[in-house]
Amino acid sequence: MTHPTDRQETEAEPRARLATFSRELGHPDRAWALLAEGNTSLLLPGADTPTMLVKASGTSMATATPDDAVRLELPSVLELVDADTGGDAEVGALFDAAASAGNGRRPSVEAILHAVCLDLPGVAAVGHTHPVPVNALLCSVSAEALTRGSLFPDQIVVLGPDPLLVPYVDPGLGLARVVRRLLRERIEATGRVPKVVYLRNHGMFALGSDSAEVLRITEMAVKVAQVLLGALAVGGPVYLDDDAVARIDTRPDELLRRAALASPGPTTNRATTAQDGADA
């Protein structure tokens with residue numbers, strides 16, 4: 001049996017990557033996650049059972065360290081999500097076991113929603129943040145403006161045409177169950193996994209193939225929110241029509257740009273360059 005200390009040594013690199021990922025999303029200049037807001041997760045490569053590393057509860061994204069990573073096996077979490085029964089007590093027991101098996105740190109209750117997202121095809125990194133422009137809309141009567149349509153080409157290239165808006169649900173098991181159902185319905189309807197999930201009166205989840213993509217998605221979602229706030233102040237947004245959106249989503253040059261963004265290079269963010277290809 002692997003001793004927890006031995007396990008942490010073998011997981012040193014992914015734990016370091018999670019810390020770097022967290023600090024990027026939580027950088028104070030960005031104001032995407034203040035104090036202990038927000039959390040991050042990565043699929044753990046090479047695990048016999050699908051497993052994630054998720055930021056511990058109560059820790060600041062801006063100052064995250066490898067010791068702030070908590071290990072959780074996805075099947076154990078998803079079994080709770082998919083069960084007809086179970087609540088806070090069962091979640092508490094699962095998190096107590098994770099703390100005992102590791103360094104005593106407990107995951108946030110939002111780790112349950114991270115597990116739901118990481119169970120989706122092509123998703124290996126998730127970032128949950130509360131950017132001020134995004135939350136300004138999510139906490140307003142205009143929250144649906146975020147998902148009513150697309151405003152400009154780069155929004156489609158980075159975020160895709162199918163963001164998901166979720167009504168407010170108390171964070172934890174209940175929210176994870178609602179989002180799992182809505183994600184399944186959206187994927188069945190569109191054949192694709194949303195890049196961003198907006199939670200009314202709460203924040204956003206960015207779903208990526210690696211931490212660099214999560215950062216790009218979050219950056220673009222913040223820009224979209226800023227543009228929407230400006231458009232709403234001068235009469236309201238004008239969305240691209242469906243044909244234009246479909247064209248941008250599939251035209252060869254935009255597909256090349258999307259692929260280029262997904263590849264490491266000199267323009268890739270400084271902290272995520274070394275992570276590309278390693279988070280999947």
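When you look at residue 49, is it in contact with a Lys or Arg (Cβ under 6 Å, 6 or more places away or on another chain) and polar (S, T, N, Q), yes or no? Answer is no for this residue.
Being of a type in the set (S, T, N, Q) and surrounded by fewer than 16 Cβ atoms within 10 Å (Cβ to Cβ) is the filter here, so list the residues in region 52-64 that pass it. It would help to see each step written out before you state the result.
Let us first name the residues in region 52-64 that are of a type in the set (S, T, N, Q), namely 57, 59-60, 63.
The one that is of a type in the set (S, T, N, Q) and surrounded by fewer than 16 Cβ atoms within 10 Å (Cβ to Cβ): 63.
Do we have residue 182 as among the aliphatic types (A, V, I, L, M), surrounded by fewer than 17 Cβ atoms within 10 Å (Cβ to Cβ) and at pLDDT 95 or above here? Judged against the criteria, residue 182 is a match. Would you be able to say whether some residue in region 152-162 is of a type in the set (Asp, Glu), touching a residue at least 12 places away in the same chain (Cβ under 8 Å) and within 22 Å of residue 141 (Cα to Cα)? There is at least one residue in region 152-162 that is of a type in the set (Asp, Glu), touching a residue at least 12 places away in the same chain (Cβ under 8 Å) and within 22 Å of residue 141 (Cα to Cα).
Taking into account only those residues within region 12-33 that are small (Gly, Ala, Ser), in a helix (DSSP H, G or I) and under 16 Å from the mean Cα position of the chain (by Cα), which is surrounded by the most Cβ atoms within 10 Å (Cβ to Cβ)? Spell out the reasoning first.
Initially, region 12-33 is screened for residues small (Gly, Ala, Ser), giving 12, 16, 19, 22, 26, 31, 33.
Next, from what is left, pick out any that are in a helix (DSSP H, G or I): 12, 16, 19, 22.
Next, from what is left, pick out any that are under 16 Å from the mean Cα position of the chain (by Cα): 19, 22.
Details: 19: 22, 22: 29.
So the residue we want is 22.
Conditions (1) among the hydroxyl-bearing types (Ser, Thr, Tyr); (2) in contact (Cβ under 8 Å) with a residue 40 or more places away in the chain; (3) part of a helix (DSSP H, G or I), marked per residue:
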{"residue": "168", "(1), (2), (3)": "yes, no, no"}
{"residue": "171", "(1), (2), (3)": "no, yes, no"}
{"residue": "177", "(1), (2), (3)": "no, yes, yes"}
{"residue": "189", "(1), (2), (3)": "no, no, yes"}
{"residue": "198", "(1), (2), (3)": "yes, yes, no"}
{"residue": "206", "(1), (2), (3)": "no, yes, no"}
{"residue": "212", "(1), (2), (3)": "no, yes, yes"}
{"residue": "215", "(1), (2), (3)": "no, yes, yes"}
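Yes or no, residue by residue, for (1) among the hydrophobic types (A, V, I, L, M, F, W, C); (2) under 18 Å from residue 101 (Cα atoms):
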site: 11; (1), (2): no, yes
site: 18; (1), (2): yes, no
site: 24; (1), (2): no, no
site: 53; (1), (2): yes, yes
site: 66; (1), (2): no, yes
site: 70; (1), (2): yes, yes
site: 76; (1), (2): no, yes
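Checked against (1) over 28 Å from residue 27 (Cβ atoms); (2) open to solvent by 30 Å² or more (accessible area, probe 1.4 Å), residue 195 meets all criteria but (1). Criterion applied to 70, 116, 77, 91 was being closer than 26 Å to residue 147 by Cβ and either under 19 Å from the mean Cα position of the chain (by Cα) or surrounded by 15 or more Cβ atoms within 10 Å (Cβ to Cβ) (or both), and the one residue passing it is 116. Could you grab the pairs with beta carbons closer than 9 Å, sequence gap of 6+ or different chains, first residue in region 120-137 and closer than 17 Å to residue 210 by Cβ, second one open to solvent by 30 Å² or more (accessible area, probe 1.4 Å) and not in a loop (DSSP other than H, G, I, E, B)? If the second residue must be open to solvent by 30 Å² or more (accessible area, probe 1.4 Å) and not in a loop (DSSP other than H, G, I, E, B), the pairs left are 120/187; 121/187; 123/43; 124/43; 125/43. Pairing residues of region 222-240 that are over 11 Å from residue 151 (Cα atoms) with residues that are hydrophobic (A, V, I, L, M, F, W, C) and open to solvent by less than 60 Å² (accessible area, probe 1.4 Å), at Cβ distances under 8 Å and at least 6 apart in sequence or on separate chains, gives 222/32; 222/134; 229/136; 229/137; 232/145.
Evaluation of residue 49 against the conditions (1) free of Cβ contacts under 8 Å to residues at least 60 places away in the same chain; (2) among the polar types (S, T, N, Q); (3) within 16 Å of residue 127 (Cβ to Cβ); (4) open to solvent by 30 Å² or more (accessible area, probe 1.4 Å) shows that the sole unmet condition is (3).
So in region 129-156, with the set limited to residues that are of a type in the set (A, V, I, L, M, F, W, C) and open to solvent by less than 10 Å² (accessible area, probe 1.4 Å), which one is nearest to residue 195 (Cα to Cα)?
Going residue by residue through region 129-156, those that are of a type in the set (A, V, I, L, M, F, W, C) are 132, 134, 136-139, 141, 143, 145-146, 151-152, 156.
Filter again for open to solvent by less than 10 Å² (accessible area, probe 1.4 Å), leaving 134, 137-138, 143, 145-146, 156.
Values: 134: 15, 137: 18, 138: 17, 143: 17, 145: 17, 146: 13, 156: 10 Å.
Taking the candidates together, the pick is 156.
When the helices (runs of 4 or more DSSP H) confined to region 67-161 are screened for residues that are under 30 Å from residue 235 (Cα atoms) and hydrophobic (A, V, I, L, M, F, W, C), those reaching at least 2 such residues are found at 132-138, 153-159.
The values are calculated or read from the model by the stated rules, or taken from the named source; none is laboratory data. Given the structure is predicted, the values throughout are model-derived calculations rather than measurements. Glycine also receives a Cβ, built like all others from the backbone with ideal geometry; neighbour counts cover every protein chain displayed. Side chains are part of the model used for accessible areas, which takes the heavy atoms of the whole protein and leaves out ligands, DNA and RNA. Shrake-Rupley method; radii C 1.70, N 1.55, O 1.52, S 1.80 Å.
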